[in-house]
Each structure stands twice: as C-alpha cells, then as structure tokens.
1. Of the residues 104, 109, only one is touching a strand residue (DSSP E or B) at 6+ places or on another chain (Cβ under 6 Å), surrounded by fewer than 17 Cβ atoms within 10 Å (Cβ to Cβ) and within 24 Å of residue 81 (Cα to Cα); which?
2. For the stretch 1-108, please list each of the strands (runs of 3 or more DSSP E) lying entirely inside it that holds at least 1 residues being over 30 Å from residue 180 (Cα atoms), at pLDDT 90 or above and within 23 Å of the chain's Cα centre (by Cα).
3. Identify all residues within the stretch 159-178 that are in contact with a helix residue (DSSP H, G or I) (Cβ under 9 Å, 6 or more places away or on another chain) and assigned to a helix (DSSP H, G or I); write none if there are none.
4. What tally of residues in the stretch 112-149 results from selecting those that are more than 21 Å from residue 50 (Cα to Cα) and surrounded by fewer than 19 Cβ atoms within 10 Å (Cβ to Cβ)?
5. Test of understanding: among 135, 77, 156, 125, which residue is more than 24 Å from residue 46 (Cβ to Cβ) and either in contact with a helix residue (DSSP H, G or I) (Cβ under 7 Å, 6 or more places away or on another chain) or not assigned by TED's automatic domain parsing to the domain that holds residue 53 (or both)?
6. In the stretch 116-137, how many are under 11 Å from residue 92 (Cα atoms) and assigned to a loop (DSSP other than H, G, I, E, B)?
C-alpha cells in the first residue's frame with residue numbers, strides 16, 4: 001500500500017522523519033530570508049505632512065495619527081542659519097506642507113528619522129529641491145540611489161548650477177556638510 005507521497009507504508013515513518021527535518025530546515029530558511037528581506041525592501045508611508053523643519057526634513061502624520069520624522073533621500077539642503085536655508089525650507093513647504101505625501105523608505109538615519117523618497121501628487125520633493133537650486137546631491141549617500149535616480153539627481157543639480165538658480169546664484173556656495181563642520185566647536 002502506498003501513501004499520498006508514493007512511498008510504501010513501510011517507508012512512511014522514515015519519510016516522515018526526513019520530511020519533518022526538511023520542513024524544519026525549510027521553515028528556518030524561510031524565517032532567515034524574511035528577516036533579511038525586511039532590511040532590503042522598501043516600505044511606503046502614506047500620510048499628511050504636518051511640519052517642515054528645513055529644506056530636507058519633514059514630519060508626516062500617518063493614518064493612525066503617529067508622527068514620523070522623514071529625511072529626504074539623496075539631497076542635503078542648506079541649514080536654517082545658513083544662506084538660502086529659509087528659502088529652501090519655504091520651497092519644500094509649498095510642495096508638501098499640509099498635503100498628502102507618500103514616503104518610499106528603506107532605512108533610518110542615526111537620528112531615527114526615516115530616509116526616503118517623498119512625493120506629493122506624483123512630484124518628487126528631492127528632485128524638485130535640486131531643480132530649484134535649493135539643495136545639493138548628497139554625494140556621501142549617492143550609492144543608495146538607483147543608477148537612473150543618480151543620473152536624474154546629478155543632472156537636476158547640474159542644470160540648476162548652470163542656470164545659476166537658487167544657491168547657485170552665489171559663485172561658491174557652502175555645502176551644508178561643510179557649514180555644519182565649521183559650526184561645530
């Protein structure tokens with residue numbers, strides 16, 4: 001007599017032991033892969049932008065009314081006390097403040113903020129800041145962008161620089177990462 005696996009009933013106990021071990025190993029492998037995948041896939045946060053801290057950081061309130069600080073991926077905007085800082089913040093505010101946004105994120109920074117691509121009505125906030133000349137491409141984290149996004153971001157920055165838009169109106173604007181280093185005692 002054969003069971004559903006096609007093995008004879010005499011072989012069934014041995015097959016059950018083997019398949020049980022295989023099932024356990026498969027389960028452990030599936031658990032491992034799901035944990036690894038959680039670090040590799042992006043999540044989407046949908047909500048309303050309730051605050052704009054500066055030209056690259058916002059607060060989004062989700063549908064459960066939880067607040068999330070979000071750092072725009074791929075750019076670094078002038079700081080509050082830095083030249084063009086308030087203009088950069090105003091530009092980002094016009095784009096996202098009190099509007100529905102989607103944040104496609106895959107990591108947190110050292111301050112616990114989500115780092116991701118922010119869109120509102122299909123408009124990419126990072127790219128818009130670059131196109132207006134109100135942010136730099138954050139080259140330290142350039143490898144975190146897809147190749148096509150790297151090209152788009154670098155082109156947007158280059159075009160704004162060529163047209164002398166925003167901070168590129170100055171002959172030699174100070175990048176925020178240099179400004180922050182100088183500001184620290």
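1. On the way: 104 fails: within 24 Å of residue 81 (Cα to Cα).
Only one candidate qualifies: 109.
2. Values: elements: 43-54, 57-62, 67-72, 100-108.
Fully inside the stretch 1-108 and qualifying: 43-54, 57-62, 100-108.
3. Across the stretch 159-178, the qualifying residues are 159, 160, 161, 162, 166, 167, 168, 176, 177.
4. Number of matching residues: 10.
5. Numbers: 135 fails: more than 24 Å from residue 46 (Cβ to Cβ); 77 fails: more than 24 Å from residue 46 (Cβ to Cβ); 125 fails: more than 24 Å from residue 46 (Cβ to Cβ).
The unique qualifying residue is 156.
6. Residues meeting the conditions: 3.
The values are calculated or read from the model by the stated rules, or taken from the named source; none is laboratory data. In this text, all values refer to a predicted model and were calculated from it rather than measured experimentally. Every residue, glycine as well, gets a Cβ built from its backbone with ideal geometry; the counts of neighbours run over all protein chains shown.
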